[in-house]
Amino acid sequence: MSFTEGFKNTDPEYAAIIENFLQEAANEKAVALPDRTRHLAIVAALLGCQGLEAFRVEVPQALAAGVNPVELKEVVYQATDYLGLGRVLPFINVMNEALEAAGVELPLEGQATVTSETRLEAGNGVQIEAFGEGMRETWKSCPPERATVNRWLAANCFGDYYTRGGFTLAEREMVTFCYIAAQGGCDPQATAHAAGNMGVGNSKEFMYAVVHQMLPFIGYPRSLNALSCIDAAAKAQ
């Protein structure tokens, strides 16, 4: 099934423009991404921009391109940190329908690596690895009214999700940037996570290539903002 399946007969010229540009983006050689990486970025971008119908089409394509069921699940699960359950829940249901249609037996093998006792320390360790020593125990050094959210960031955002199996830290930071850039209106966080990407080995050139693949799905304004955030992060290095 293609992204234009529902309207290629009623809107043939528009369908041709869409198909041609999707192919042009996929074949862009400025900094080529492996198919698996490209589809991970697209899945994350569709979560970020709330493109549920496009996500329904994309999931089988991502699986065919080498994204395995565990990786697909992890992209969707981790989006909860950055989009909230209210926006992720519909995607959970569509993802599971697609996996079952592909013959995948659910539930998959668990990927948790922390317990309720270790999640805070483990999550803070991931924060420090990606963003530096300035993230160490920020719930203790921040103003008292920010302590709760800073503790949750370490324990829930990073401890519950980033420590899970299925992905490297570099891959998790890449999809995080995609969620944030695709939803728009979060430029300070997009800049911070562009820096986090560079801190775990994802180059400026790589991040530009990720934006190239998101662009057909999230549009030019959010893509241009994403590039500006990458530039700002690179300049601050």
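Here's the yes/no breakdown for (1) among the hydrophobic types (A, V, I, L, M, F, W, C); (2) touching a residue at least 12 places away in the same chain (Cβ under 8 Å):
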{"site": "Pro107", "(1), (2)": "no, no"}
{"site": "Gly110", "(1), (2)": "no, no"}
{"site": "Glu129", "(1), (2)": "no, yes"}
{"site": "Glu137", "(1), (2)": "no, yes"}
{"site": "Lys140", "(1), (2)": "no, no"}
{"site": "Pro144", "(1), (2)": "no, no"}
{"site": "Trp152", "(1), (2)": "yes, no"}
{"site": "Gly159", "(1), (2)": "no, yes"}
{"site": "Ala170", "(1), (2)": "yes, yes"}
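Of the residues contained in region 107-124, one or more are found to be loosely packed, with under 12 Cβ neighbours inside 10 Å, in contact with an Asp or Glu (Cβ under 9 Å, 6 or more places away or on another chain), farther than 25 Å from Gly184 by Cβ and modelled with pLDDT of 95 or more. Across region 175-189, the qualifying residues are those that are farther than 16 Å from Phe217 by Cβ and of a type outside the set (S, T, N, Q), and the one among them that is surrounded by the most Cβ atoms within 10 Å (Cβ to Cβ) is Cys186.
For region 17-32, the candidate set comprises residues that are closer than 14 Å to Phe206 by Cα and touching a Phe, Trp or Tyr at 6+ places or on another chain (Cβ under 8 Å); within that set, the residue that is surrounded by the most Cβ atoms within 10 Å (Cβ to Cβ) is Val31. The set of residues in region 90-105 being surrounded by 15 or more Cβ atoms within 10 Å (Cβ to Cβ) and either in contact (Cβ under 8 Å) with a residue 24 or more places away in the chain or within 19 Å of Ala65 (Cβ to Cβ) (or both) consists of Phe91, Val94, Met95, Ala98, Leu99, Val104.
Restricting attention to region 139-157, report how many residues are crowded, with 18+ Cβ neighbours inside 10 Å and either more than 10 Å from Gly123 (Cβ to Cβ) or touching a His at 6+ places or on another chain (Cβ under 8 Å) (or both).
Residues that pass the stated criteria total 2.
Checked across region 130-146, the condition of being hydrophobic (A, V, I, L, M, F, W, C) and within 17 Å of the chain's Cα centre (by Cα) holds for at least one residue.
Scanning region 1-16 for residues being among the aromatic types (Phe, Trp, Tyr) and either under 25 Å from the mean Cα position of the chain (by Cα) or surrounded by 13 or more Cβ atoms within 10 Å (Cβ to Cβ) (or both) gives a total of 1.
The values are calculated or read from the model by the stated rules, or taken from the named source; none is laboratory data. Because the structure is a prediction, the values reported are computed rather than measured. Glycine gets a Cβ as well: all are built from the backbone with ideal geometry, and neighbour counts include every protein chain shown.
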